[in-house]
Amino acid sequence: RRYYEALEAMQLKIAFVAPSLVEPALRNGSTLSADADHDSLGEADQSTCGKMLLELHSDGSLGFPMPDGCYYNQDGDVWEFYIVFGKKNGLMQSTRYEIVVNVKASVGLGTSTEVIQIWSMDDTVNKRRDILEIGTASVNKAVATSLRVASDPAFDAADGVTVNGGDDPDLLEISDVASSIRFELKSNGSHSIGQGNIFRFFLRPFMQWNVGGACAATCHAHEGSICGTVYCTSSSVTGDLWKANVLRVTLPEGMDPITDAVRHNLEFTSLPPPRGGFFPLRMAAEIQASEGKKPHYVETVGKLLFVQPSCEASLVAPSTGDGGSAPFSGDAGNELFVR
């Protein structure tokens, strides 16, 4: 009931309680550092939300409530990140919410360790210290521990995975019922990529995509080379079968190795685009020597992918009634919410 009864702003606290194993990072991947201008409730702003939050998603009919602002600070060595919601625009009970942020994972991280606590907190004015709910989280996969050596596969640091296709020089729009994504693979010098290596392609935004239980892929061989037949499977970064957002291919036997000169193209086809759409983004990819061993991770270069976003908008009048108290052109005081 408190989610409905609270009169003032509410907030959600995300505490990184095992900083030696999981440390928060900014959206650009850099390490979080103290910011005296944004470390308290009174200093919360939306730009701070944008530094940390990659995605917000909810299965509720109203979606994830738009934050009024964010702030963060440290309690000892524990980083605490706060999301502040405006009056009567907070979380709802019995609703699933999902948040995507970057973190730095360290060796020793395992699936049995509690690394994050989430606190849903009450009215910031009248019950600021009260807590409605507390949850904990651990990772669903242990961090890779095998050390990489010079012979292990790796992408070129500058253009290891280059998205191509389409007519636009900068963008690849996914607009059909079932579209395709094609990209060129290039290795880093002596770190050639060969048969049996595992390629994974991460579809962003993670919470938007669901390609289903299977996918289709084709390997287009570099001129004068052999690639072979590839088979694609899908999985999810969160383990949710109903949100498949990772495409996986084991590179085929007999394939000529991918080098800085021999650059095969992989193409994923028949991909159902996210219904909500998204603004232009880079995807991400990973190559592993074998399952779970010695991964090398990069972001794509070349064209940005996007799906034309859909939009719902409504005017919220400042009072109840037929149009509120400011219904005419030029009147001020109405609020426009876009989702």
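The values are calculated or read from the model by the stated rules, or taken from the named source; none is laboratory data. Note that this is a predicted model, so its numbers are computed, not measured. Cβ sites come from the backbone with ideal geometry, for glycine too, and all protein chains shown count toward neighbours. To get the accessible areas, we keep the full protein, side chains included, count just its heavy atoms, and leave off ligands, DNA and RNA. Shrake-Rupley method; radii C 1.70, N 1.55, O 1.52, S 1.80 Å.
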*asked:* Filter segment 100-118 down to the residues that are open to solvent by 60 Å² or more (accessible area, probe 1.4 Å) and touching a residue at least 40 places away in the same chain (Cβ under 8 Å) and list them by number.
replied: V103, K104, E114, I118
*Does N126 satisfy the condition of being in contact with a strand residue (DSSP E or B) (Cβ under 9 Å, 6 or more places away or on another chain), farther than 30 Å from R263 by Cα, in contact (Cβ under 8 Å) with a residue 12 or more places away in the chain and polar (S, T, N, Q)?*
no
*Only residues that are at pLDDT 95 or above and crowded, with 17+ Cβ neighbours inside 10 Å: list them for segment 157-180, please.*
G160, V161, T162, V163
*Can you work out which of the residues in segment 186-203 that are more than 20 Å from the chain's Cα centre (by Cα) and outside any strand (DSSP E or B) is surrounded by the most Cβ atoms within 10 Å (Cβ to Cβ)?*
N197
*asked:* When you scan segment 66-79, do you find a residue that is over 30 Å from H296 (Cα atoms), in contact (Cβ under 8 Å) with a residue 40 or more places away in the chain, crowded, with 16+ Cβ neighbours inside 10 Å and of a type in the set (D, E, K, R), even just one?
replied: yes
*Wholly within segment 204-253, which strands (runs of 3 or more DSSP E) include no fewer than the required count, namely at least 3 residues that are of a type in the set (V, I, T), in contact (Cβ under 8 Å) with a residue 12 or more places away in the chain and buried (at least 19 other Cβ atoms within 10 Å of the Cβ)?*
none
*asked:* I need a count of the residues in segment 53-65 that are buried (at least 17 other Cβ atoms within 10 Å of the Cβ) and in a loop (DSSP other than H, G, I, E, B).
replied: 2
*Failed condition for R27, given (1) charged (D, E, K, R); (2) part of a strand (DSSP E or B); (3) closer than 20 Å to F206 by Cβ, with all others met?*
(2)
_Which residue is most open to solvent (accessible area, probe 1.4 Å), if the candidates are limited to segment 255-293 and must be hydroxyl-bearing (S, T, Y) and not in a loop (DSSP other than H, G, I, E, B)?_
S270
_Give me the residue from segment 87-115 that is among the charged types (D, E, K, R) and under 19 Å from the mean Cα position of the chain (by Cα) and, out of that set, nearest to M207 (Cα to Cα)._
E98
*Report, by residue number, each residue of segment 1-39 that is open to solvent by 70 Å² or more (accessible area, probe 1.4 Å), under 30 Å from K127 (Cβ atoms) and modelled with pLDDT of 90 or more.*
A34, A36, D37
*R129 vs. criteria farther than 25 Å from A284 by Cβ, out of contact with any His (no Cβ under 6 Å at 6 or more places or on another chain), loosely packed, with under 13 Cβ neighbours inside 10 Å and among the basic types (K, R)*: yes
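Quick grid of which residues meet (1) in a loop (DSSP other than H, G, I, E, B); (2) more than 28 Å from H57 (Cα to Cα); (3) touching a strand residue (DSSP E or B) at 6+ places or on another chain (Cβ under 8 Å):
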{"position": "L91", "(1), (2), (3)": "yes, no, yes"}
{"position": "S112", "(1), (2), (3)": "yes, no, no"}
{"position": "S146", "(1), (2), (3)": "yes, yes, yes"}
{"position": "D159", "(1), (2), (3)": "yes, yes, yes"}
{"position": "T162", "(1), (2), (3)": "no, yes, yes"}
*Failed criterion for G50 (all others in (1) open to solvent by 70 Å² or more (accessible area, probe 1.4 Å); (2) assigned to a helix (DSSP H, G or I) hold)*: (1)
*If you go through segment 305-332, how many residues are open to solvent by less than 50 Å² (accessible area, probe 1.4 Å) and at pLDDT 65 or above?*
5
*Return the pairs, sorted by first residue and then second, in which the second residue is open to solvent by less than 30 Å² (accessible area, probe 1.4 Å) and among the acidic types (D, E), the first residue lies in segment 7-24 and is in contact (Cβ under 8 Å) with a residue 12 or more places away in the chain and in a strand (DSSP E or B), the beta carbons are less than 6 Å apart, and the residues are 6+ apart or on different chains.*
K13/E80; A15/E80
